[in-house]
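Only one structure is covered here, and it is reproduced in the block below.
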Amino acid sequence: MGKSAESGSGVGRTRRETDDGTLSETILRLSRCARVDEICELVAAAVHGLVPAAYVIVTLYDPAVGAIRWRCDRGLEHHEKFLRRLVGADRTARVFVRPKAAGGRDTADSSGRLVAYPGGVFDLLGGAVSEPICTLLRRTLRIGEVYHVAFSVDGKPVGGVTLLLHRGTRLEHASSIEGIVRHASVEILRLDAKEEISRIAGRLALATESARIGVWDLDLVHDHLEWDSRMFELYGMSADDFAGSFDAWRQAVHPLDVRSAEEALQSAIRGEQEFHTRFRVCWPSGQVRHIEAHGVVLRTASGAPERIIGVNWDVTDRVLAEERLKARLEGTVRVVAALTDLRDPYTAGHQHEVTRLACAVAEALGLGADRLEGLRVAASLHDIGKISVPAEILAKPSELTPAEFGLIRAHPWAAHEVLKGIDFPWPVADIVLQHHEWIDGSGYPQGLRGDDILLEARILAVADVVEAMCSHRPYRPAMGLQAALGELRKSRGVLYDPRVVDACTDLFSRGDFAFGVSKRADPTA
């Protein structure tokens, strides 16, 4: 008995050593496969080497047809003529459904375990092949037990290894077979990911080429900036002219745009916002081009900025078109404003001066360039509604009657009706409509309160009051700047937005603004 036990133990060790050796060698070879077909062939050979008394069939999902195909097999070489009659000359063209157990229960799960099919081939194929053919297949090939273990990719079965054991043979080396298939699944996933990355890279290259987009990669740790070929075209230089650093890019940016471009980049690095800006570049030839840039900051596990990857594209044509459109718009605004001045000669220049003051206040409050431009247009047109008021009322040297004042109070609505039909990129019509609203709700024409009034309209209201009080009117002399500022302080937080009042009074107290003369760069220019 002792000798028999020792002998059995030796056989066990030999079998385990064989399994371990086969599994280790197969895993190493799987990691070197460059194509999925190589993986299938390697798996078929390795499994058949462990279970030579079995027919081994490897199937795999084919995305081209959206189904599982027969990819390769081992052990069926002696039955080639029979298989040709049964499944055709090209077995790899054969499409299979997922294996199902008796009763139609799906057993091709992602567990990576061998599944037995008591009903044999017919149950394995889930009824995709008729029972008489399955019976013929079983008898001709002398098939006994049937097993299947699935490839699992992203948690889903996508084919696998089918073993058709010779009659009278029992399955051995199950754990090694499962190990081989499990590692093959990982390698299939690796190659699928590699192919997907390659496809995405190809599409991205095609898209960037079609859109004339340049791609850049800035290594923040080593100050190395890498450009693709399109970037050199966008900057009008060759690779030999580019030092490949942040400073080299900085030198190519227009001197007047360097600061804003750097601030946008640093803000993105600090995590305050995405990197998205527009700037000009100066070509070595002297030509100036407008560039739009977008980038994403990549960070380490600790959150430290490591690199920025982004794109540039040329927007010169768009910028020039926008400038032409802006020039036409400004011309139209000037003409309409001039018509308003002609209608009411006593307030000629009022809209221009209100516009200057309103934009100076908005700039002091930190309004962005786009909102500032919208306010400039609205202020230039804020009294256009007075064209609906009879000239004799506008020029009346005495106090207005309630009916006449009612006509005056209607001018914001009249202006809104005219302006709402123009497709401005800013809420010009609403700003003009609200420029006589007070924050306590006592204004007109809607009686709005507080933040229900647009900030631009609150700014315009203050500028309008100050300029009007400083100017002569038919029914009264000019009241002067100090009286106007006194009115602002008295009604601060009641009629007028406190922040707007403070910004306005500070401009005058510092001497940064004067009607008719600007002591610094004109914010509306």
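The values are calculated or read from the model by the stated rules, or taken from the named source; none is laboratory data. This structure is a prediction, so every number in the text was calculated from the model and none was measured. Every residue, glycine among them, receives a Cβ derived from its backbone with ideal geometry; neighbour counts consider all protein chains shown.
Can you tell me which residues in the stretch 419-444 are under 16 Å from ARG376 (Cβ atoms) and either without any contact (Cβ under 8 Å) to a residue 12 or more places away in the chain or outside the structural domain of GLY366 (by TED's automatic domain parsing) (or both)? Scanning the stretch 419-444 gives a single hit, ILE422. For the stretch 387-414, residues that are in contact with a His (Cβ under 7 Å, 6 or more places away or on another chain) and within 29 Å of ALA369 (Cα to Cα) total 1. Looking at this structure, is ALA484 within 42 Å of the chain's Cα centre (by Cα) and either closer than 19 Å to GLU353 by Cβ or part of a loop (DSSP other than H, G, I, E, B) (or both)? So ALA484 does not fit the description; no.
In the stretch 389-409, the qualifying residues are those that are among the β-branched types (Val, Ile, Thr) and touching a helix residue (DSSP H, G or I) at 6+ places or on another chain (Cβ under 6 Å), and the one that is surrounded by the fewest Cβ atoms within 10 Å (Cβ to Cβ) is ILE393.
Identification of helices (runs of 4 or more DSSP H) wholly contained in the stretch 1-101 with 3 or more residues that are closer than 25 Å to LEU171 by Cβ and at pLDDT 80 or above yields 2-31, 36-50.
Scanning the stretch 216-243 for residues that are exposed (fewer than 15 other Cβ atoms within 10 Å of the Cβ) and either touching an Asp or Glu at 6+ places or on another chain (Cβ under 8 Å) or farther than 17 Å from TRP313 by Cβ (or both) turns up VAL221, HIS222, ASP223, HIS224, GLU226, SER238, ALA239, ASP240, ASP241, ALA243.
Every residue, every condition in (1) part of a loop (DSSP other than H, G, I, E, B); (2) assigned by TED's automatic domain parsing to the domain that holds ARG230; (3) closer than 14 Å to GLU233 by Cα; (4) among the aliphatic types (A, V, I, L, M), yes or no:
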{"residue": "LEU265", "(1), (2), (3), (4)": "no, yes, no, yes"}
{"residue": "ALA268", "(1), (2), (3), (4)": "no, yes, no, yes"}
{"residue": "GLY271", "(1), (2), (3), (4)": "yes, yes, no, no"}
{"residue": "HIS276", "(1), (2), (3), (4)": "no, yes, no, no"}
{"residue": "GLY286", "(1), (2), (3), (4)": "yes, yes, no, no"}
{"residue": "HIS294", "(1), (2), (3), (4)": "no, yes, no, no"}
{"residue": "VAL297", "(1), (2), (3), (4)": "no, yes, no, yes"}
{"residue": "ILE308", "(1), (2), (3), (4)": "no, yes, no, yes"}
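Meeting the requirement of 2 or more residues that are among the aliphatic types (A, V, I, L, M) and under 19 Å from VAL500 (Cβ atoms), the helices (runs of 4 or more DSSP H) wholly within the stretch 326-443 are 350-364, 369-380, 428-433.
In the set (1) assigned to a helix (DSSP H, G or I); (2) farther than 29 Å from GLY271 by Cα, the condition left unmet by VAL319 is number (2).
Residues that are crowded, with 18+ Cβ neighbours inside 10 Å, in contact with a strand residue (DSSP E or B) (Cβ under 6 Å, 6 or more places away or on another chain), under 15 Å from TRP216 (Cα atoms) and not hydroxyl-bearing (Ser, Thr, Tyr): does the stretch 266-279 have at least one? Yes: one or more hits. When GLY447, GLY374, GLY368 are checked against the criterion of being under 33 Å from the mean Cα position of the chain (by Cα), in the same structural domain as ALA468 (by TED's automatic domain parsing) and loosely packed, with under 13 Cβ neighbours inside 10 Å, GLY368 stands alone in meeting it. Yes or no: the stretch 337-358 includes at least one residue that is at pLDDT below 85 and in contact with a Pro (Cβ under 6 Å, 6 or more places away or on another chain). Yes, there is a match, as at least one residue in the stretch 337-358 is at pLDDT below 85 and in contact with a Pro (Cβ under 6 Å, 6 or more places away or on another chain).
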